[in-house]
Structure formats: C-alpha cells, structure tokens
1. Across the stretch 79-118, what is the total count of residues that are modelled with pLDDT of 90 or more, over 17 Å from GLY213 (Cα atoms) and touching a helix residue (DSSP H, G or I) at 6+ places or on another chain (Cβ under 9 Å)?
2. Name the pairs whose Cβ atoms lie under 8 Å apart, with the first residue in the stretch 201-214 and free of Cβ contacts under 8 Å to residues at least 60 places away in the same chain and in a helix (DSSP H, G or I), the second surrounded by fewer than 24 Cβ atoms within 10 Å (Cβ to Cβ) and among the aliphatic types (A, V, I, L, M), and 6 or more positions between them or separate chains?
3. I need the full set of residues from the stretch 223-236 which are surrounded by 12 or more Cβ atoms within 10 Å (Cβ to Cβ) and free of Cβ contacts under 8 Å to residues at least 60 places away in the same chain, in order please.
4. When you scan the stretch 268-289, do you find a residue that is on the phi > 0 side of the Ramachandran plot and under 17 Å from the mean Cα position of the chain (by Cα), even just one?
5. Kindly provide the set of residues from the stretch 84-102 that are among the hydrophobic types (A, V, I, L, M, F, W, C) and open to solvent by 10 Å² or more (accessible area, probe 1.4 Å), ordered by number.
6. Residues to consider are ALA16, ALA43, ALA32; find the one that is surrounded by 21 or more Cβ atoms within 10 Å (Cβ to Cβ) and modelled with pLDDT under 90.
7. If a residue has to be in contact with a Pro (Cβ under 9 Å, 6 or more places away or on another chain) and modelled with pLDDT of 85 or more to count, how many in the stretch 242-280 make the cut?
8. Do we find a residue being open to solvent by 50 Å² or more (accessible area, probe 1.4 Å) and outside any loop (DSSP other than H, G, I, E, B) anywhere in the stretch 107-118?
Amino acid sequence: MPNAVRINPLIGLPLAVLAGTAIPAQARINGALGEKLDDGLAAALVSFSVGLVIMILISAVLPRGRAGAAQLLPALRERRFPRYYILAGAIGAYFVLSQTLTVAVLGVAVFTVAAVAGQTMTGLVVDRLGIGPAGKKALTVMRVVGAVLTIAAVVWAVSPKLSGTSSVGDLLLPVLLPLTAGMLMSFQQAMNGTTGMHYGTPITATLVNFISGAAVLLVFWLAKVAVSGLGQPLPGEWYLYLGGAMGCVFIGLSALLVRSLGVLLTSLGMIGGQLVGSLLLDIFLPAPGSVVVAATVLGTLLTLAAIVVATLPWNMPGVLPRRRS
C-alpha cells in the first residue's frame, strides 16, 4: 500500500471548507446551463465532459498524475480494493444531474440543505461499514441524534416552498433528487479516498470518477437523443462551462483530505463550505425567483448544529461506557 501523505488539520480543514463552497457554485452554473439547453441531462454531460478533459490534461502533464495512471490497471488486477469502486463517478454523475434538474426549482440553499441531510444520514452507514480508508467507526448515539436533527432541519428549510405550492407532490421529487444524491455522496467520498490511496495520488481517483461518470451520462443522453432528437445548441457564455472544473476541485480535494482527516472531519468541513457558499449565493447573487426566508436561514443553521452534534464523541464525562471486568 502506498505511503499516505498526511495533511495538518489546520491546513486540511480550510481546504475542506473551500472544496465545499465549490458545490453550490457548481449547482448554480449547471442549473443555468440546464436552462439554456432546456435539457438537464445534456448539461450534466457537458459538465462532466469538461471535467474529464481537465483531468486528462492534468494526468498527462503532472508526474504524479502519470505515475498514478500507471497504477490503475495493476490496482485492478491485484484487487487492492473492490473493483466496483471505480464506478464512484456514477454517483457524481447522478449528483450533477440532480443539480441541473432541481436548482432552478428549489434554489441553491434548499438544494444544499437537502444534499447535506442525505450525506449526514449515510455517513453513519459508511463509518459503520468501514468503506473509507479510516476503517470502521462505532455507531454512536450522538451521530444518530445529529442525523435526526438534520432531517428536521431539511423539513424546516423547505417548509416555505411546501406551503406555497398547490400540491406537496410538486416539490417532493425535486427535494428527493438532491437528498438521495447526498446520501450516495458519502459512499463516493469513502470510495475515492480508498482508491486514491492505492493509486498513490487523488489525481487518478478523480480522473477515473470523470471517466465513469461521463460514460454513464453519455449512454443515457444517446438514448434520449434516439427518442427525442438533439436539443438546443451549446451556449456561448464561457462561464457556463466552469461546473466541470469545480467538480475537479471538490472530488480531488475530497479524495486527498479523507486520508488525513477521516470521513467525518472531511465531511464536516465540506458541508460547512456548502452551507456558507449556498447562502452567500442566494443572498448576494440570487437566481430569478429565488428568495431567502427566515426558515431557510434557520434551517441551515440547525443543519450546522446537527452536524456538530453528529461528530461529538459518545464517551463524554458522565457517559463513559463501563469496562468489562
């Protein structure tokens, strides 16, 4: 197993927050691209294709990228990790697709809170199964309480939109998409951390993510084209193609940091970045029709509090488990 490069938490946590802010910005960009193309699937494919081109160039230019790419086939042949881990990019494809389909309806803040809720819930399962490079972690009462509080925060944050719709079903699907995408993100993060460790660099883990994600999206897009034909032409605004670059930042830093900080600490920093970034976008650069209300802000704050609770150790003073004699 390659030696893991350890990053000081004082450096790693700010990097995790920075990586997290890329998600709401990516959501806004991909959502706008989806509206321009009138096709969320095509927008997701464009975003992943841009990211794939970037990662191919990085892997070809940087020595660590070339060395990691050389370890790809040997790692698979030697079964250094479960082979299905290379399909982690399909989770990223689903996440980006949920962005393009729902951000215009939900707003970035509510989208992010829903994704965070899913990530918090399944973070318990990921730690329990030991999927990430940090190994198995106990299922503590504090983590369960934090997950329940996070679900309550999501309900609170989306309640204004629920009351303003003619039917709860009108908003149910848009909320479920980022919620389930967030649930899968914890698995993706753990899988990427493990594969990146065996490749010797997160660059190759990120490259493989974009290969598998783009392949999945391409298959579905071709099937759609066969049924309904080509959609709108690609827009000329250059900034609409930055979503793929932001995906490279998030996936690459996640695969790097999870080895040093662990899944929980990495997730906490990235989730904090998501929440801060999404609220700043909706406050200072609001999308048309997007309004930040008190319930959304307070629901986001409750989500942050729930995440902190979820990371508290159970063996605090007064609640230490009894040792067996």
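The values are calculated or read from the model by the stated rules, or taken from the named source; none is laboratory data. All of these numbers come straight from a predicted model, not from anything done at the bench. Cβ placement follows ideal geometry from the backbone for every residue including glycine, while neighbour counts extend to all protein chains displayed. To get the accessible areas, we keep the full protein, side chains included, count just its heavy atoms, and leave off ligands, DNA and RNA. Shrake-Rupley method; radii C 1.70, N 1.55, O 1.52, S 1.80 Å.
1. Counting residues in the stretch 79-118 that are modelled with pLDDT of 90 or more, over 17 Å from GLY213 (Cα atoms) and touching a helix residue (DSSP H, G or I) at 6+ places or on another chain (Cβ under 9 Å) gives 3.
2. PRO202/LEU253
3. Kept after step one, since they are surrounded by 12 or more Cβ atoms within 10 Å (Cβ to Cβ), are these residues of the stretch 223-236: 224-225, 231, 234-235.
Passing the criteria: only VAL225.
4. Quick first cut of the stretch 268-289, residues on the phi > 0 side of the Ramachandran plot only: 289.
Filter again for under 17 Å from the mean Cα position of the chain (by Cα), leaving none.
No, the stretch 268-289 contains no residue that is on the phi > 0 side of the Ramachandran plot and under 17 Å from the mean Cα position of the chain (by Cα).
5. Within the stretch 84-102, the first condition is being among the hydrophobic types (A, V, I, L, M, F, W, C), and the residues that meet it are 86-88, 90-91, 93, 95-97, 101.
Within the stretch 84-102, ILE86, LEU87, ALA90, ILE91, PHE95, LEU97, LEU101 qualify.
6. Numbers: ALA43 fails: modelled with pLDDT under 90; ALA32 fails: surrounded by 21 or more Cβ atoms within 10 Å (Cβ to Cβ).
One residue alone meets the criteria, ALA16.
7. Going through the stretch 242-280 one residue at a time, the tally reaches 7.
8. Going residue by residue through the stretch 107-118, those that are open to solvent by 50 Å² or more (accessible area, probe 1.4 Å) are none.
No, the conditions are met nowhere in the stretch 107-118.
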